[in-house]
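Structure first, commentary second.
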Amino acid sequence: MSKTVIVFLDLGGVLCLGESLNQRSHLIFRSIYGMLHEVEDMISILKNPPTEIEINDVIKRCHRLYEPDLFYDLIDYNLFFGIATNSPKEVVLFTEKLSFIQQDLVMISSLVGVSKPELEFFKMMVDISKKYSPHKILFVDDKKNIVDAANLVPQITAIHFDNTEGGSLYEFIKKNLNK
């Protein structure tokens, strides 16, 4: 029987390829995931619908997990995935569409009232993980200062993912599971 590992992933820079989107890309992102709430945004999309190329670009940048079978080869591990992000609270709608994410392991700073790299954020990660009795909590972030802060909490193994190198997130996680 394998030991339980919880993997918390940062959203921007880890699950998303790149930190931010321009205004049009952000609008397309929100329309793909059903997050258009402003009438002006809906009108803008209706007047100028995104092309297939634009949609594919946004999906590639913002939803790395559309890569075919990204995590299925990790099935031998007893893994549970969560998200730990400083992104705005609206991303909760996005995370609900990620079937491999445990919704009780989603930490959005604007909803929990504390942000990375504050130690309290990471202690909350440990607390919400307890019900899974993890052998290891792995946290993946693209910002070195946040990784350094997370590593101050003894229960967390935080690792820096350099998104600029274009490496596979799947391979990165697989490599770091046994460290």
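The values are calculated or read from the model by the stated rules, or taken from the named source; none is laboratory data. A quick note: this is a predicted structure, and the numbers were derived from the prediction, not measured. Here the Cβ is made from the backbone with ideal geometry for all residues, glycine too, and neighbour counts use every protein chain on show.
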Restricted to the stretch 116-173, and to residues that are surrounded by 18 or more Cβ atoms within 10 Å (Cβ to Cβ) and more than 18 Å from residue 82 (Cα to Cα), which residue is modelled with the lowest pLDDT?
-> 163
For the stretch 105-112, state whether one or more residues are more than 19 Å from residue 4 (Cβ to Cβ), more than 15 Å from the chain's Cα centre (by Cα) and surrounded by 18 or more Cβ atoms within 10 Å (Cβ to Cβ).
-> no
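Which is closer than 24 Å to residue 174 by Cβ and of a type in the set (Gly, Ala, Ser), of 149, 158? Reasoning before the result, please.
Values: 149 fails: closer than 24 Å to residue 174 by Cβ.
One residue alone meets the criteria, 158.
Going through the stretch 37-60 one residue at a time, which ones are part of a loop (DSSP other than H, G, I, E, B) and closer than 23 Å to residue 15 by Cβ?
Start the filter on the stretch 37-60 by keeping residues that are part of a loop (DSSP other than H, G, I, E, B), which leaves 37-38, 48-51.
Those that are part of a loop (DSSP other than H, G, I, E, B) and closer than 23 Å to residue 15 by Cβ: 37, 50.
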Given the structure, is residue 69 part of a helix (DSSP H, G or I), modelled with pLDDT under 70 and surrounded by fewer than 16 Cβ atoms within 10 Å (Cβ to Cβ)?
-> no
Just need a number here: residues in the stretch 19-40 that are over 15 Å from residue 54 (Cβ atoms) and modelled with pLDDT of 75 or more.
-> 3
Failed item in (1) closer than 22 Å to residue 3 by Cα; (2) of a type in the set (S, T, N, Q); (3) in contact (Cβ under 8 Å) with a residue 40 or more places away in the chain, with residue 163 passing the rest = (1)
Could you pull out every one of the strands (runs of 3 or more DSSP E) wholly within the stretch 79-179 that has 1 or more residues that are aromatic (Phe, Trp, Tyr)?
-> 136-141
